[in-house]
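*Asks:* Once you've had a glance at the structure underneath, I'll fire off some questions.
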Amino acid sequence: MSNRLNLSATRSNLLRIKEELEFAREGYELLEQKREVLVAEVIGMLESLRKSKKEVEEILNKAYRSFEQTSVILGMKKVSQITLAACSREKIQVSDRSIMGVVIPIVNYSRENMLCNIYGFQGTSASLDKTVHLFCSSLKKLAKLAELEVSLIRLATELKKTQRRANALNYLFIPQYSETIKYLENTLEEKERQELFQLKRAKNIHHKNN
Amino acid sequence: MGWGLVIAIAGAVVAVILAGIGSSVGIGIAGQASDGLLSEDPESFGNILILTVLPGTQGIYGFVAAFFVIIQLGLLAGTVPQITMAQGTQIFLACLPVAFGGLVSGIFQGKVSAAGVAVAAKQPSESMKAVILSALVETYAVLGLLITILLLMGIKL
Amino acid sequence: MRTISYHNQKDDVKYSFAVGKIRAMETRLLDGLLFKRLIDSKDTREMGRLLVETSYGDLFKEGAASADFEALLNAELKRTYQLIKDIDPDPASACNLLALHYDFHNLKVLLKLRQSPSEADSFLINLGLYGPEAIRQMVTSSDYSPLPLNLAKAISSLVTELEKSSPPSQWIDIQLDHILYTYLIRQAEHLNNKFLITLFRFQIDLINIRTLLRVKQMEKEASFLQSVLLEGGEISKEKMLSFLEEPNDKLISSLNFAPYAQVIKEGINYYEKEKSLALFERLADNFFIQYIGQAKYIAFGVEPLISYILTKENETKNLRIVFVGKQNSLPKNIVEERLREIYA
């Protein structure tokens, strides 16, 4: 089946299509470049995401184990009483940057003071200090993880889009246009030949008649 | 009737009263401790009965000493004996060992018994040892009584 | 452990009945064997079944949700305090001092949540000399006159300060701890009870040493340490402050002759190795169990009553450790490591 465009075979159409094909080729070239950059970016980020994920997992694992032990010593009631006063003094700022036109977030995490300042020393245990410290330091890592994960998702979506566009150009648009051009050229040539032939015939008849 | 008799009777009275006080206080202390144990564990009554009763002997010793005095004086015979001042004082003094011995040892024995109740609570099978310790205090009340009796018998009327 | 000698000045014969009763009740404290069985049990439900056969029987009887064990353990403590109050011949006895820290817990909760008092309910502990309701009353009406004069004054001025400058909540905890321990020491001195004075002094010392190590770990400055150290211990505040700049070995060597030298030596050595104060905390608790164990030799006086209350506190603490461990299915050895010594 022919997937050429249904166009009347005129010279102006041929010119237009040729121009468009040229444009498509250029676009494909550009998309291909963008795709390469994105792939490099995603691969780089994937590595740091994996690392960050592992770090978060590790620190949360430690923190929860420490929390378990603290609640064993102090009892849940006491622990929940202590966390009563935990008002968060965290500041999370999200700003943007752009890679190849993709907007990705930068999460900036800062803390005014440590959570350890919310309880007194009598009747609380040192393992509580450790738990609080671990959870506090996990927050910074969590912010980094969130940043990486969201960036990666956005980049991957963009990559997919770019890939699809490039493919569309490469496998659909460009062949279609090339074929159309070939068809148009053939048709036009045929027409020209026909015209030429007709002209010659007309000339011959004209000579004979004369 | 002379003052000698008054002094001699005073001796008997002092012996009964002081030894009696010793025993009452002693049993009081030991009895409270035993009550405390019984309120939680009525089964242990048998174990602590002896402990509680032990401080009671001092009162009996006082009573025995007073009885000796009465016999010595022959008060039960119905005649009023003639006792000199010196004899009366002798009898009075002879009564003092059991009186003071009973008073002090009674109180302390009560304390030892009360402490022994703890032993009876923790290890009922060992409660006889607590009884023995408490009985050690008893010795000095017995010695007091012995001397009192010997002295009374020695006094010639 | 080196025995700590203290001299009991007078025999308090009026305590005979109470001590006799306590001795009988002491035979019903949970023993090590039962704790082993509790640790070996499958879940909290099975623990509840085991406890039915003990003095906790009526609390954990059929149908009682052993899941809400914190409430049940508190009920047992409440019962213990009530019983001691009933048999204590002296209404102004030293035993009253022991329940006071629950009132301070409730006070901390209510002061921290003074903006939204309705939320406080789930955090209050139904124990204490005054009880949560009385404390709530005091906080809402800002009238602390039911408390002893010293306490009322100190807390009133604390609350005034609180309204004025709304300091961080840690400040409330620290100030209340100061007020509580100052009061405890003063009352124990007032009652002239050497047993209790020594107990509180040692408590303050060990809390201070632990605080010192924790502050060091947090890398805070000396002025902060100065503000959190409790007063009234055997070791002066100045001496404690001087340890902040020294290595921990210095602490061990200079407290070599303290009665709790063993706690410090082993606890700190473990801390240096593992960076954990768990052993220190456990040894400190054990030290106090041994200290109150001396009351075994006292037949007349309030000491056996004090000792019974503290032993019961320790027992419920141990039970709670096992319960929490079972509930979170922690490995057996973790639970065992954390159990405090059992008074025998």
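The values are calculated or read from the model by the stated rules, or taken from the named source; none is laboratory data. Note that the structure is a prediction, hence the values are computed from the model and not measured. Virtual Cβ from ideal backbone geometry, glycine too; neighbours counted across all protein chains shown. Ligands, DNA and RNA are stripped out before the accessible areas are found, and what is left, the full protein with its side chains, is counted by its heavy atoms. Shrake-Rupley method; radii C 1.70, N 1.55, O 1.52, S 1.80 Å.
Listed here are the residues, each with its yes/no results for (1) within 14 Å of chain C (Cβ to nearest Cβ); (2) open to solvent by less than 60 Å² (accessible area, probe 1.4 Å); (3) farther than 30 Å from A:LYS182 by Cβ; (4) part of a helix (DSSP H, G or I).
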{"position": "A:GLU47", "(1), (2), (3), (4)": "no, no, yes, yes"}
{"position": "A:ARG65", "(1), (2), (3), (4)": "yes, no, yes, yes"}
{"position": "A:SER80", "(1), (2), (3), (4)": "yes, yes, yes, yes"}
{"position": "A:SER95", "(1), (2), (3), (4)": "no, yes, yes, no"}
{"position": "A:ILE104", "(1), (2), (3), (4)": "no, yes, yes, no"}
{"position": "A:GLY123", "(1), (2), (3), (4)": "yes, yes, yes, no"}
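*Asks:* Same structure, new question: May I ask you to say which residue of C:ALA120, C:ALA99, C:ALA92 is of a type in the set (Gly, Ala, Ser) and within 14 Å of chain A (Cβ to nearest Cβ)?
*Replies:* Just one listed residue meets the conditions, C:ALA120.
*Asks:* Take region A:126-164 and flag every residue that is small (Gly, Ala, Ser), modelled with pLDDT under 85 and in contact with a Leu (Cβ under 6 Å, 6 or more places away or on another chain).
*Replies:* A:ALA126
*Asks:* For B:GLY78, all conditions in the list (1) crowded, with 21+ Cβ neighbours inside 10 Å; (2) over 26 Å from B:GLU126 (Cβ atoms); (3) of a type outside the set (A, V, I, L, M) hold save one; what is the number of the exception?
*Replies:* It fails just one condition, (1).
*Asks:* So, one more: Restricting to region C:256-276, count the residues that are outside any helix (DSSP H, G or I) and open to solvent by less than 10 Å² (accessible area, probe 1.4 Å).
*Replies:* Residues flagged as outside any helix (DSSP H, G or I) and open to solvent by less than 10 Å² (accessible area, probe 1.4 Å) within region C:256-276 amount to 1.
*Asks:* Looking at (1) within 14 Å of chain B (Cβ to nearest Cβ); (2) of a type outside the set (Ser, Thr, Tyr); (3) assigned to a helix (DSSP H, G or I), which is the only condition C:GLY301 fails?
*Replies:* Here C:GLY301 meets the rest and fails (3).
*Asks:* In addition: Look through C:LEU241, C:LEU191, C:LEU206, C:LEU229 and report the one residue that is among the hydrophobic types (A, V, I, L, M, F, W, C), surrounded by 14 or more Cβ atoms within 10 Å (Cβ to Cβ) and farther than 29 Å from C:PRO168 by Cα.
*Replies:* Going through C:LEU241, C:LEU191, C:LEU206, C:LEU229 in turn, just one is among the hydrophobic types (A, V, I, L, M, F, W, C), surrounded by 14 or more Cβ atoms within 10 Å (Cβ to Cβ) and farther than 29 Å from C:PRO168 by Cα: C:LEU191.
*Asks:* Output the residues belonging to region C:119-147 that are assigned to a loop (DSSP other than H, G, I, E, B), open to solvent by 40 Å² or more (accessible area, probe 1.4 Å) and free of Cβ contacts under 8 Å to residues at least 40 places away in the same chain.
*Replies:* Passing the criteria: C:LEU129, C:TYR130, C:SER142, C:ASP143, C:SER145, C:PRO146.
*Asks:* Identify all residues within region C:99-118 that are part of a helix (DSSP H, G or I) and either of a type in the set (Ser, Thr, Tyr) or out of contact with any Phe, Trp or Tyr (no Cβ under 8 Å at 6 or more places or on another chain) (or both); write none if there are none.
*Replies:* Scanning region C:99-118 gives C:HIS101, C:TYR102, C:PHE104, C:HIS105, C:ASN106, C:LEU107, C:LYS108, C:LEU110, C:LEU111, C:LYS112, C:PRO117, C:SER118.
*Asks:* Consider region B:48-68. How many of its residues are open to solvent by less than 70 Å² (accessible area, probe 1.4 Å) and closer than 12 Å to B:GLY116 by Cβ?
*Replies:* So the count comes out to 5.
*Asks:* From B:ILE29, B:ILE70, grab the single residue that is farther than 30 Å from C:LEU83 by Cβ and within 18 Å of the chain's Cα centre (by Cα).
*Replies:* Details: B:ILE29 fails: farther than 30 Å from C:LEU83 by Cβ.
On inspection, the qualifying residue turns out to be B:ILE70.
*Asks:* Listed residues C:LYS296, C:LYS275, C:LYS326, C:LYS332; which is more than 10 Å from chain A (Cβ to nearest Cβ), basic (Lys, Arg) and over 28 Å from C:LEU127 (Cα atoms)?
*Replies:* Answer to the selection: C:LYS332.
*Asks:* For region B:125-136: of the residues being under 20 Å from the mean Cα position of the chain (by Cα) and touching a residue at least 40 places away in the same chain (Cβ under 8 Å), which is farthest from the other protein chains (Cβ to nearest Cβ)?
*Replies:* So, considering only residues that are under 20 Å from the mean Cα position of the chain (by Cα) and touching a residue at least 40 places away in the same chain (Cβ under 8 Å), the one farthest from the other protein chains (Cβ to nearest Cβ) is B:ALA135.
*Asks:* Sticking with this one: Working only within region C:14-37, note down all residues that are open to solvent by less than 50 Å² (accessible area, probe 1.4 Å) and either of a type outside the set (A, V, I, L, M, F, W, C) or more than 14 Å from every other protein chain (Cβ to nearest Cβ) (or both).
*Replies:* Answer for region C:14-37, where residues must be open to solvent by less than 50 Å² (accessible area, probe 1.4 Å) and either of a type outside the set (A, V, I, L, M, F, W, C) or more than 14 Å from every other protein chain (Cβ to nearest Cβ) (or both): C:TYR15, C:SER16, C:GLY20, C:LYS21, C:ARG23, C:GLU26, C:LEU30, C:GLY32, C:LEU34, C:PHE35.
*Asks:* Looking at region B:33-47, which of the residues that are at the interface with chain C (Cβ under 10 Å from one of its Cβ atoms) and among the small types (Gly, Ala, Ser) is most open to solvent (accessible area, probe 1.4 Å)?
*Replies:* B:SER39
*Asks:* Tell me which residues, restricted to region B:78-124, are within 14 Å of chain C (Cβ to nearest Cβ), in contact (Cβ under 8 Å) with a residue 60 or more places away in the chain and either acidic (Asp, Glu) or touching a Ser or Thr at 6+ places or on another chain (Cβ under 7 Å) (or both).
*Replies:* If the condition is that a residue be within 14 Å of chain C (Cβ to nearest Cβ), in contact (Cβ under 8 Å) with a residue 60 or more places away in the chain and either acidic (Asp, Glu) or touching a Ser or Thr at 6+ places or on another chain (Cβ under 7 Å) (or both), then B:GLY106, B:GLN109, B:SER113, B:ALA114, B:GLY116, B:VAL117, B:ALA120, B:ALA121, B:PRO124 are the ones that fit.
*Asks:* Can you tell me which residue is modelled with the lowest pLDDT among those in region C:102-117 that are over 19 Å from C:TYR181 (Cα atoms) and of a type in the set (Lys, Arg)?
*Replies:* The first filter runs over region C:102-117 and keeps only residues over 19 Å from C:TYR181 (Cα atoms), leaving C:110, C:112-117.
Now restrict to residues that are of a type in the set (Lys, Arg): C:112, C:114.
Working: C:LYS112: 82, C:ARG114: 79.
Applying the filter and picking the extreme gives C:ARG114.
*Asks:* Just to be sure, is A:ILE43 crowded, with 18+ Cβ neighbours inside 10 Å and aliphatic (A, V, I, L, M)?
*Replies:* In short, no.
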